[in-house]
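*Asks:* Sharing a structure, written as structure tokens. Questions coming.
Laboratory data are not the source of any read-out in this text; all were calculated from the coordinates shown. Quick caveat: nothing in here was measured; it's all calculated off a predicted structure. Cβ placement follows ideal geometry from the backbone for every residue including glycine, while neighbour counts extend to all protein chains displayed.
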């Protein structure tokens with residue numbers, strides 16, 4: 001991960017953490033289901049943005065480094081990791 005992205009990602013994750021605590025409070029307070037579901041969608045969207053940023057980082061740092069290195073084994077390893085990750089996300 002690029003160091004310059006770390007604070008931004010941690011800030012986003014802290015915000016998500018706060019949203020999840022807020023959702024738990026809403027459930028505890030028997031709030032209206034649609035309001036809770038709306039907040040759940042917001043959390044999923046926020047996590048998707050974090051995931052996209054991490055994936056972008058991985059591609060531009062780890063994958064790019066493997067390509068530049070010329071090490072075919074390392075390149076295959078990185079590609080296989082990415083394929084496994086994408087397979088997990090579709091199940």
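*Asks:* Touching a residue at least 40 places away in the same chain (Cβ under 8 Å) and surrounded by 12 or more Cβ atoms within 10 Å (Cβ to Cβ), is that true of residue 54?
*Replies:* Numbers: touching a residue at least 40 places away in the same chain (Cβ under 8 Å): yes; surrounded by 12 or more Cβ atoms within 10 Å (Cβ to Cβ): yes.
The answer is yes for residue 54.
*Asks:* For the stretch 12-31, what are the residues that are assigned to a loop (DSSP other than H, G, I, E, B) and surrounded by 10 or more Cβ atoms within 10 Å (Cβ to Cβ)?
*Replies:* Within the stretch 12-31, 31 is the sole residue that qualifies.
*Asks:* Of the residues that sit in the stretch 61-91 and are under 24 Å from residue 12 (Cβ atoms) and in contact (Cβ under 8 Å) with a residue 12 or more places away in the chain, which one is surrounded by the fewest Cβ atoms within 10 Å (Cβ to Cβ)?
*Replies:* Per the stated criteria, the residue is 61.
*Asks:* What are the residues in the stretch 32-64 that are more than 21 Å from the chain's Cα centre (by Cα) and assigned to a helix (DSSP H, G or I), if any? Give the steps one after another, and end with the answer.
*Replies:* Initial filter on the stretch 32-64 (more than 21 Å from the chain's Cα centre (by Cα)): 32-36.
Residues satisfying the conditions are 33, 34, 35, 36.
*Asks:* Do you know which of the residues in the stretch 2-11 that are touching a residue at least 40 places away in the same chain (Cβ under 8 Å) and assigned to a helix (DSSP H, G or I) is nearest to residue 62 (Cα to Cα)?
*Replies:* 5
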